[in-house]
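The structure appears right after this line, and notes come after that.
Just so it is clear, none of the values below were taken in a lab; they were calculated from the coordinates. What you are looking at is a predicted structure, and each value in this text was computed from that prediction instead of being measured. Note that we place each Cβ from the backbone using ideal geometry, even for glycine, and neighbour counts take in every protein chain shown.
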Amino acid sequence: MASLNVGNLGDYLREQRRSAQLSLRQLAEAAGVSNPYLSQIERGLRKPSAEVLQQVAKALRISAETLYVRAGILDAERDRDEVETRAVILADPTLDERQKQVLLQIYESFRKENGTSTTERHTGEHTDVPADAVDDAGGEPQQTAG
């Protein structure tokens with residue numbers, strides 16, 4: 001029988017909740033789940049669905065992908081570096097949403113160029129970054145050799 005590693009998820013959720021200065025009850029309400037259910041997740045007694053993890057991630061303002069990895073929904077070894085990088089970008093309070101999306105697109109384009117894109121593995125899609133998006137984000141458009 002495979003271990004689900006939900007204790008690690010619970011510890012991580014508790015840490016994130018405390019960092020956000022939320023009580024268990026406040027997070028449960030913000031995520032739309034019951035207080036006892038969230039408590040069981042934090043104690044490693046329950047494995048939440050991807051939908052519940054997404055709701056909790058949104059309430060904590062963290063990446064749902066990070067929670068998916070911790071819950072064993074995504075392949076931790078293959079995806080952890082990318083997920084953590086994305087989570088750091090998404091959690092940066094000094095960036096607005098547009099800047100975060102541009103950074104994520106640039107990051108993904110570099111990963112695709114290097115043959116390590118996971119967006120394509122997970123969704124079959126990829127969005128190229130327009131040169132003016134880089135310029136809008138405060139950088140210089142890059143010329144590619146070709």
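Legend: calculated FRET efficiency, E84 to Q40, from the Cβ-Cβ distance at R0 = 25 Å, rounded to 0.05, equals 0.45. Placing a pseudo-label 7 Å from each Cα along the Cα-to-Cβ vector at E97 and Q54 gives an inter-label distance of 1.6 nm. Stretching the chain fully between R61 and E15 yields a gain of 15.2 nm (0.36 nm per residue, less the alpha carbon separation).
Computed from backbone phi, the HN-Hα couplings of region 90-96 come to 5, 8, 5, x, 7, 9, 7 Hz, rounded to whole numbers (Karplus: 6.51 cos²θ - 1.76 cosθ + 1.60, θ = phi - 60°; Gly and Pro given as x). Ignoring lysines fewer than eight residues from K100 along the same chain, the ones with Cα atoms less than 29 angstrom from its Cα are K58, K112.
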